[in-house]
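The values are calculated or read from the model by the stated rules, or taken from the named source; none is laboratory data. Source: prediction; values computed, not measured. Positions of Cβ are backbone-derived with ideal geometry, glycine not excepted, and every protein chain shown enters the neighbour counts. Only protein heavy atoms, including side chains, enter the accessible area calculation; ligands, DNA and RNA are left aside. Shrake-Rupley method; radii C 1.70, N 1.55, O 1.52, S 1.80 Å.
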Amino acid sequence: MTTASDYSEKIPNNVELREDRRLQRALESWQPNFLNWWESMGPTLPTQDVYLRTAINVGREGWAHFGHVAMKDYRWGIFLAERDPGRQIGFGAHKGEPAWQKVPGEYRADLQRLIVIQGDTEPASVEQQRNLGATAPSLYDLRNLFQVNVEEGRHLWAMVYLLHAYFGREGREEAEELLHRNSGSLESPRILGAFNEETPDWLSFYMFTYFTDRDGKYQLGTLKESAFDPLSRTCEFMLKEEAHHMMVGTTGVDRVVERTAQVMVENDTDDVAALGAIPLPVIQKYLNFHYSVSLDLFGGETSTNVANYFTAGLKGRWLEGRRQDDHQLASDSIMVDALDDAGDGQPSIGQLEVSALVGLNTDLRREYIADCQGGVNRWNKILAGAGLPHRVKLPHIAFNRRVGAFAGIEASPDGELLSADEWAARQGEWLPTDVDKTYVRSLMRPVHERGKIAAWIAPPRNGINGKPFDYDYVHLA
Ligand SMILES: [Fe+2]
Ligand SMILES: [Fe+2]
C-alpha cells in the first residue's frame with residue numbers, strides 16, 4: 001500500500017497525519033519542544049547551512065533529497081516503509097497470524113518500553129556529539145557529523161510518532177521524557193550506559209559510529225521483525241538511514257588507520273605520536289573501549305524478558321526470515337558464555353547450555369560480533385597493504401564488561417582472568433589513559449577550509465552524493 005508523502009505540512013509525513021487532527025495537534029505541540037531541545041542540546045558550532053540529505057518519502061523513486069539547508073530548518077518528518085497488507089507475523093506464539101495494526105492490550109506495556117528504550121538512544125548520541133563540530137578534520141567530516149545528528153533527530157521523531165499515535169496519554173508523557181533525560185546527566189541520565197559516555201574527539205566519534213551505531217542497527221533489525229506493523233515499518237526505514245552512519249564509522253576508522261600506516265612507513269617507526277598521527281596502540285585501546293561498552297548494550301547472556309518478547313511476537317531475531325528453524329524455539333537450546341565455577345572457588349570462562357529462547361541476547365550479540373569482525377579485517381588489510389606486520393583485533397568477550405556474566409570479573413583482551421589488583425595495574429595497557437586521551441585531543445584542531453584535511457587522518461576516497469571532497473559541504477556562520 002503506497003501512501004503519498006505529504007511534504008507541504010508542518011510535519012512532513014507519509015502517515016496521513018492530516019486525517020487525524022488530534023494526533024496532528026499533539027505532535028505539533030511536541031514539535032517546539034523538540035526544536036528547543038535541538039537548539040539547547042544539539043550541535044554547538046554555528047553554521048549558515050549544510051549539504052544534507054533529507055528523507056522526503058520512502059519509495060523507490062528516491063527518498064533522499066540532497067541540498068544545502070540551515071540545520072534549524074531541517075524538515076524532520078515521519079516516514080514509515082510502505083505497508084504490506086498481507087504481512088504475517090513471522091515468529092513466536094502468533095506466527096502466521098496477520099501483523100497487528102493496533103497494539104494488543106496485553107502487550108502494551110512491553111511494547112511501549114521497547115520503543116522508549118530505542119527512542120532514548122537517538123537524541124542521546126546527538127547530545128554526546130554536540131561539541132565535535134568545533135574540531136572537525138574537514139568540511140566533509142563536519143557534514144557527515146551533522147547528517148548523522150539530524151537523522152538521529154528524525155529517529156527520535158519516528159519513536160515519538162509511535163508513542164503519540166498508539167500509546168495514549170502515557171505515550172505522550174514518555175515522549176516528553178525523551179527530551180528531559182540527557183546524556184551524562186547526574187539527575188536524569190539516558191537509559192543505557194554507552195549513551196552516557198562522552199564523545200570528546202573524532203576518533204571516539206568514528207569508533208562510536210562503527211561500534212555503537214552498529215548495536216542500533218541490530219536492535220532495529222529485531223524490531224523490524226515485530227508483529228506490531230507500524231513499529232516494523234518504522235524500523236525498516238530507519239535502517240536505510242542507519243547505513244550511512246555505519247559508513248561514516250567504517251571509513252572514518254579506515255582513514256585513521258591508513259594515515260597512521262602511511263606515517264609509520266614513511267618514517268620507519270611505530271612511534272608516530274611525535275609525527276602528528278595516532279599510534280596504532282592508541283587506536284587499539286579506543287577500539288577495545290567502544291567495542292566492550294557496546295557489547296554491554298545487548299544485555300545479559302540470558303533473559304526471560306527477551307524470551308517473552310520473542311514468544312509474544314514483539315521482537316524477533318536478526319534476519320528472522322532467513323533462519324532455518326520453526327521460529328518458535330520452544331524445544332531448542334543454545335550455548336551461552338558463562339562463568340564456570342569448577343568447585344574450587346576459582347571461576348573460569350566457559351559456556352553453559354540454556355533454552356534458545358532465554359539465550360536470544362547471546363544470539364543477537366554473536367551476529368553483532370561477527371559483523372564487527374568485518375571492520376577489523378578491513379583495517380588489517382590496510383595495514384597489510386602498507387607492508388606492516390601490525391594487526392588490530394577485537395578483545396575477548398569478557399574484557400571490560402559491566403553487564404552480564406562477566407560483569408563481576410576482570411579479564412585481559414586475550415581472555416585471561418585477572419584479579420582486581422592486576423586489572424587496576426594493567427588496564428592502562430588496554431583502555432585509553434588520560435595521557436592517550438589528552439594526546440588525541442591535542443590533535444583535534446579544526447580544519448574548516450574547503451578541500452583541506454587534518455594531518456592525523458587520510459582524505460576519503462569518495463565525496464557525498466557524487467560531489468568531490470573539496471565541495472563546499474558546510475557554510476560556517
Ligand atoms: Fe538512529
Ligand atoms: Fe545511527
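Tabulated results
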read-out: Measure of compaction for segment 350-477 (Cα Rg per 2.2 N^0.38 Å); value: 1.48
read-out: Rel. contact order, % - alpha carbon contacts under 8 angstrom, at least six apart, the chain; value: 19 percent
read-out: Isotropic mean projected area of the C-alpha convex hull, segment 128-274 (nm²); value: 10.7 nm²
read-out: Overall dimensions of segment 239-364 by Cα: Rg and Dmax, Å; value: 21.0, 60
read-out: Charge sum, other residues only, whose C-beta stays under 15 Å from residue 170's C-beta, Lys/Arg counted +1 and Asp/Glu -1; value: -1
read-out: Charge dipole magnitude, Cβ of K and R +1, D and E -1 - the chain, Cα centre, debye nearest 20; value: 1420 debye
read-out: Segment residue 330-residue 355, length gained on full extension (0.36 nm per residue, minus Cα span); value: 8.2 nm
read-out: Carbon and sulfur %, accessible surface of segment 349-477 computed with the full protein complex present, 1.4 Å; value: 51 percent
read-out: Length gained when the stretch residue 308-residue 340 is fully extended (0.36 nm per residue, less Cα-Cα span); value: 8.9 nm
read-out: Hypothetical label at residue 106: residues of segment 312-338 whose amide nitrogen lies under 12 Å (7 Å Cα-Cβ projection); value: 312-313
read-out: Segment 95-147: equivalent-ellipsoid semi-axes (sqrt of 5 x gyration tensor eigenvalues, Cα, Å); value: 39, 14, 6
read-out: Among 193-201, 212-220, the order from most to least packed when residues are scored by Cβ within 10 Å on average; value: 212-220, 193-201
read-out: Taking the convex hull of Cα positions in segment 401-474, its mean projected area over all directions (nm²); value: 8.4 nm²
read-out: Label point at residue 169 placed 7 Å out along Cα→Cβ; residues across segment 104-124 whose backbone nitrogen lies under 12 Å; value: none
read-out: Packing-based ranking, highest mean first, of 91-97, 419-425 given that Cβ atoms within 10 Å are counted; value: 91-97, 419-425
read-out: Ellipsoid equivalent to segment 205-307 - semi-axes via the Cα gyration tensor, in Å; value: 36, 16, 7
read-out: Inter-label distance for residue 267 and residue 429, nm, one decimal - labels placed 7 Å from Cα along Cα-to-Cβ; value: 2.5 nm
read-out: 19 Å tail of the calculated P(r), segment 288-424, as % of Cα pairs; value: 58 percent
read-out: Kirkwood Rh in Å, taken over all unlike Cα pairs in segment 245-290; value: 11.0 Å
read-out: Segment 160-302 - charge dipole about Cα centre, Lys and Arg +1 at Cβ, Asp and Glu -1, debye rounded to 20; value: 320 debye
read-out: Viscosity 1.567 mPa s, 4 °C: Kirkwood-radius Stokes-Einstein D of segment 1-157 over Cα pairs, µm²/s; value: 73 µm²/s
read-out: Largest to smallest principal axis extent of the C-alpha atoms in segment 36-77, angstrom; value: 35, 19, 11
read-out: Spin-label proximity, residue 348 to segment 401-425 - amide N less than 16 Å from point 7 Å beyond Cα toward beta carbon; value: 415-418
read-out: log₁₀ of I(q)/I(0) at q = 0.15, 0.26 Å⁻¹ - segment 179-247, Debye sum with one point per alpha carbon; value: -0.61, -1.07
read-out: Peptide ranges 234-240, 347-353, 357-363 listed from the most packed, as the mean C-beta count within 10 angstrom indicates; value: 357-363, 234-240, 347-353
read-out: Normalised per residue, the volume of the convex hull around the Cα set of segment 298-354 (Å³); value: 112 Å³
read-out: With eigenvalues of the C-alpha gyration tensor scaled by 5 and rooted, the chain, Å; value: 35, 32, 19
read-out: Assigned charges on the beta-carbon of Lys, Arg, Asp, Glu; segment 1-100 dipole about Cα centre (debye); value: 140 debye
read-out: Axial C-alpha extent at least 27 Å, average Kyte-Doolittle at least -1.0 - helices from the chain (DSSP); value: 108-128, 139-166, 229-267, 360-385
read-out: Set 72/467; 315/467; 10/452; 72/437 screened for pairs whose C-alpha atoms are more than 28 Å apart; value: 315/467; 10/452; 72/437
read-out: Cα-based convex hull, segment 124-171, per residue volume (Å³, whole number); value: 57 Å³
read-out: Average accessible surface area per residue within the chain, 1.4 Å rolling probe, Å²; value: 42 Å²
read-out: Signed unit charges on C-beta, dipole axis of the chain, positive-most listed residue 156, 439, 403; value: 156
